[in-house]
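Contents: one structure, followed by commentary.
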Amino acid sequence: MLTSFMEGLLCCLTSKSANVVVPVETSEPADGYEFVEVKPGRVLRVRHIIPDRAVVEEPTGQGGSVSCKRKITVYRNGQLFIENLGDRASAELKNCPNGETEPNSTVEVELTDCGNSSPPVSIPEAGGEAPAAGQTDQSQQPRKRRRKPKRTVVIDCERKISSCKGTHTDVALFFIHGVGGSLDIWGSQLDFFSRLGYEVIAPDLAGHGASSAPQIAAAYTFYALAEDMRLIFKRYARKRNILIGHSYGVSFCTFLAHEYPEQIHKMVMINGGGPTALEPSLCSIFNLPTCVLHCLSPLLAWSFLKAGFARQGAKEKQLLKENNAFNVSSFVLRAMMSGQYWPEGDEVYHAELTVPILLVHGMHDKFVPVEEDQRMAEILLLAFLKLLEDGSHMVMMECPEAVNTLLHEFILWEPAAPPPPKKESKARPETAKAQSDDTKASSEPGKVRPATARQTSSNSGAEEKPDSKAKK
């Protein structure tokens, strides 16, 4: 604590950050690590693993198609009306990848409203009939005027979803961490999926891990970091790309899925929070001067350990130490928290996504309440929500086996293809057989058995004289 105080005092006197993250000197790939210069003087460390695998051509026609049709209407009071118009509400999409059904797996949202919005009001159809003059409906009181929508978004597309195996060369997995982390927090996931044959890419955000740390706050805004991730994605992207984001990294995954809907095949959100626009808090400890934050760094690290992990033992402390989680300079931390401004990322922005999304939430998370991920599952078109009882905010480090299993099942998941339409026969088998017997009887009368001949003659007589039978 005394050392931190002295370093903070030195920071105040020199107006420089005492803990500056800088990249290693070499820019050559080593042990799967590469250093990519996204802008002049802005270098990001990237772990890129391409395992040796046998090339397997994917059969044509594999996977299933999902109709993505929905109408999103936004009213001036902030109320959101989402109407799913898909022809096929298949039961497969309402099941989790392992076959278990959950209440918030995939939700057909009919009407959702913001926390401060007015109660829901039924909107009559444009072509509906108005009540006659003098007639009042007792069930509707008081009568309200029809509201004009502020904005209407219509989505109409067909998305093909297929299983992504490690032997497929057109599949790439991108892992994006959040504030204070580094690509090392994905160590278990990178090793697991690379052993299965998947190509994995995990970058360090600017100022994190071994990436360069510019000493200007504008370098850590959402838009600056999102542009970095766009350049990394364009550099390593394949035909079918799967994005896995944690915490603040989920926002960058959402940005990429919105910008490149045809290239993003699936997406995973781990403790990402609700579908709300980003806006920095005015009353936050991270608004304090950098030198003060540096003096408080031991307290901040202890608070993160208490809130980010379900247990606070020696194992969790070692995980923090080994994986460089929350090990950034005070200047970068302050700039990252104050730069989280993204007004476009609201509920409508998330509702427009058509990519299948898996949401993973640790039940002991004190940073992100479970209600926020449940709200996200309601807004998204195709979403599966999985809750882990033993996990917290850093669930991929606390429960690596469970998270790896969930991710792998979701990556392999594909909707069941609809059965081919059955060809309807012109006549039932019994009718066809009876007709063939009658044909044989008429063409070969000599070969017909006596009983059948008598039955045929009696039937024909009955058909010729229906009135005589009725009279008797």
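The values are calculated or read from the model by the stated rules, or taken from the named source; none is laboratory data. Treat the numbers as computed from the prediction; the structure is a model and nothing was measured. Cβ placement follows ideal geometry from the backbone for every residue including glycine, while neighbour counts extend to all protein chains displayed. Surface areas here come from the heavy atoms of the whole protein model, side chains and all, with no ligands, DNA or RNA. Shrake-Rupley method; radii C 1.70, N 1.55, O 1.52, S 1.80 Å.
Quick one: in the stretch 303-324, of everything that is open to solvent by 70 Å² or more (accessible area, probe 1.4 Å) and not in a helix (DSSP H, G or I), which residue is nearest to ASP390 (Cα to Cα)?
Going residue by residue through the stretch 303-324, those that are open to solvent by 70 Å² or more (accessible area, probe 1.4 Å) are 306, 311-312, 314-315, 317-318, 321-322.
Next, only the ones that are not in a helix (DSSP H, G or I) stay: 311-312.
Values: ARG311: 9, GLN312: 13 Å.
Ranking the qualifying residues of the stretch 303-324, first place goes to ARG311.
Here is a yes/no grid of residues against (1) of a type in the set (Ser, Thr, Tyr); (2) modelled with pLDDT under 95:
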position: LEU231; (1), (2): no, no
position: ARG238; (1), (2): no, no
position: LEU243; (1), (2): no, no
position: PHE255; (1), (2): no, no
position: GLY274; (1), (2): no, yes
position: THR290; (1), (2): yes, yes
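Identify, by number, the condition in (1) in a helix (DSSP H, G or I); (2) surrounded by fewer than 17 Cβ atoms within 10 Å (Cβ to Cβ) that MET337 doesn't meet.
Of everything listed in (1) in a helix (DSSP H, G or I); (2) surrounded by fewer than 17 Cβ atoms within 10 Å (Cβ to Cβ), MET337 misses just condition (2).
Being under 20 Å from ALA217 (Cβ atoms), among the small types (Gly, Ala, Ser) and open to solvent by less than 30 Å² (accessible area, probe 1.4 Å) narrows it down to one of SER329, SER281, so name that one. Write out each step before concluding.
Details: SER281 fails: open to solvent by less than 30 Å² (accessible area, probe 1.4 Å).
Step by step, each of SER329, SER281 is checked, and only SER329 is under 20 Å from ALA217 (Cβ atoms), among the small types (Gly, Ala, Ser) and open to solvent by less than 30 Å² (accessible area, probe 1.4 Å).
Consider TYR198 carefully, then state whether it is among the hydroxyl-bearing types (Ser, Thr, Tyr), open to solvent by less than 10 Å² (accessible area, probe 1.4 Å), over 22 Å from the mean Cα position of the chain (by Cα) and at pLDDT 95 or above.
For TYR198, the condition - among the hydroxyl-bearing types (Ser, Thr, Tyr), open to solvent by less than 10 Å² (accessible area, probe 1.4 Å), over 22 Å from the mean Cα position of the chain (by Cα) and at pLDDT 95 or above - is not met.
Kindly indicate whether any position in the stretch 256-270 is in contact with a Lys or Arg (Cβ under 9 Å, 6 or more places away or on another chain), of a type in the set (Ser, Thr, Tyr) and either over 22 Å from ARG230 (Cβ atoms) or part of a helix (DSSP H, G or I) (or both). Before you say what the answer is, go through the steps one by one.
Narrowing the stretch 256-270 to residues in contact with a Lys or Arg (Cβ under 9 Å, 6 or more places away or on another chain): 256, 259-261, 263-266.
Still in the list and also of a type in the set (Ser, Thr, Tyr): 260.
From what's left, either over 22 Å from ARG230 (Cβ atoms) or part of a helix (DSSP H, G or I) (or both): none.
Scanning the stretch 256-270 turns up no residue that is in contact with a Lys or Arg (Cβ under 9 Å, 6 or more places away or on another chain), of a type in the set (Ser, Thr, Tyr) and either over 22 Å from ARG230 (Cβ atoms) or part of a helix (DSSP H, G or I) (or both).
Test GLY187 against the criterion of being in a loop (DSSP other than H, G, I, E, B), among the small types (Gly, Ala, Ser) and in contact (Cβ under 8 Å) with a residue 40 or more places away in the chain, and give yes or no.
Details: in a loop (DSSP other than H, G, I, E, B): no; among the small types (Gly, Ala, Ser): yes; in contact (Cβ under 8 Å) with a residue 40 or more places away in the chain: yes.
When the stated conditions are applied, GLY187 does not pass them.
Within the group LEU293, LEU256, LEU300, which residue is under 30 Å from GLU158 (Cα atoms), aliphatic (A, V, I, L, M) and crowded, with 17+ Cβ neighbours inside 10 Å?
Working: LEU293 fails: under 30 Å from GLU158 (Cα atoms); LEU300 fails: under 30 Å from GLU158 (Cα atoms).
After ruling out the rest, the residue left standing is LEU256.
Among the residues of the stretch 404-421, write down those that are surrounded by fewer than 16 Cβ atoms within 10 Å (Cβ to Cβ), assigned to a loop (DSSP other than H, G, I, E, B) and of a type outside the set (Gly, Ala, Ser).
Residues of the stretch 404-421 that are surrounded by fewer than 16 Cβ atoms within 10 Å (Cβ to Cβ), as a first pass: 405, 412, 416-421.
Now restrict to residues that are assigned to a loop (DSSP other than H, G, I, E, B): 416-421.
Result: PRO418, PRO419, PRO420, PRO421.
Here are the criteria: (1) open to solvent by 10 Å² or more (accessible area, probe 1.4 Å); (2) within 26 Å of ALA257 (Cα to Cα); (3) modelled with pLDDT of 95 or more; (4) not in a strand (DSSP E or B). Tell me which single one GLU401 does not satisfy.
In the conditions (1) open to solvent by 10 Å² or more (accessible area, probe 1.4 Å); (2) within 26 Å of ALA257 (Cα to Cα); (3) modelled with pLDDT of 95 or more; (4) not in a strand (DSSP E or B), GLU401 misses (2) alone.
Within the group HIS246, HIS208, which residue is touching a His at 6+ places or on another chain (Cβ under 6 Å) and either hydrophobic (A, V, I, L, M, F, W, C) or open to solvent by less than 10 Å² (accessible area, probe 1.4 Å) (or both)? Before you say what the answer is, go through the steps one by one.
On the way: HIS208 fails: touching a His at 6+ places or on another chain (Cβ under 6 Å).
When all the criteria are applied, what remains is HIS246.
Just to be sure before I move on: is ARG230 within 20 Å of PRO343 (Cβ to Cβ) and charged (D, E, K, R) in the structure I sent? Spell out how you get there, then give the answer.
On the way: within 20 Å of PRO343 (Cβ to Cβ): yes; charged (D, E, K, R): yes.
Judged against the criteria, ARG230 is a match.
Give the residue that is nearest to CYS68 (Cα to Cα), with candidates limited to residues of the stretch 376-392 that are open to solvent by less than 10 Å² (accessible area, probe 1.4 Å) and in contact with a Gly (Cβ under 9 Å, 6 or more places away or on another chain).
So the residue we want is ILE379.
Those residues that are touching an Asp or Glu at 6+ places or on another chain (Cβ under 8 Å) and open to solvent by 40 Å² or more (accessible area, probe 1.4 Å), I need them from the stretch 340-356; list them, please.
TYR341, PRO343
Given the residues GLY308, GLY249, which is the only one that is within 23 Å of CYS399 (Cβ to Cβ) and modelled with pLDDT of 95 or more?
Working: GLY308 fails: modelled with pLDDT of 95 or more.
Unique residue meeting the criteria: GLY249.
Would a scan of the stretch 359-375 turn up a residue that is among the aliphatic types (A, V, I, L, M), more than 27 Å from ALA310 (Cα to Cα) and open to solvent by less than 10 Å² (accessible area, probe 1.4 Å)? Even if it seems obvious, please write down each step before you answer.
Narrowing the stretch 359-375 to residues among the aliphatic types (A, V, I, L, M): 359-360, 363, 368, 370.
Then drop every residue that is not more than 27 Å from ALA310 (Cα to Cα), which leaves none.
Checked against the condition, which is being among the aliphatic types (A, V, I, L, M), more than 27 Å from ALA310 (Cα to Cα) and open to solvent by less than 10 Å² (accessible area, probe 1.4 Å), the stretch 359-375 yields no hits at all.
Identify the residue in the stretch 297-316 that is touching a residue at least 12 places away in the same chain (Cβ under 8 Å) and among the aliphatic types (A, V, I, L, M) and, among all such residues, is farthest from ASN327 (Cα to Cα).
Per the criteria, the residue is ALA310.
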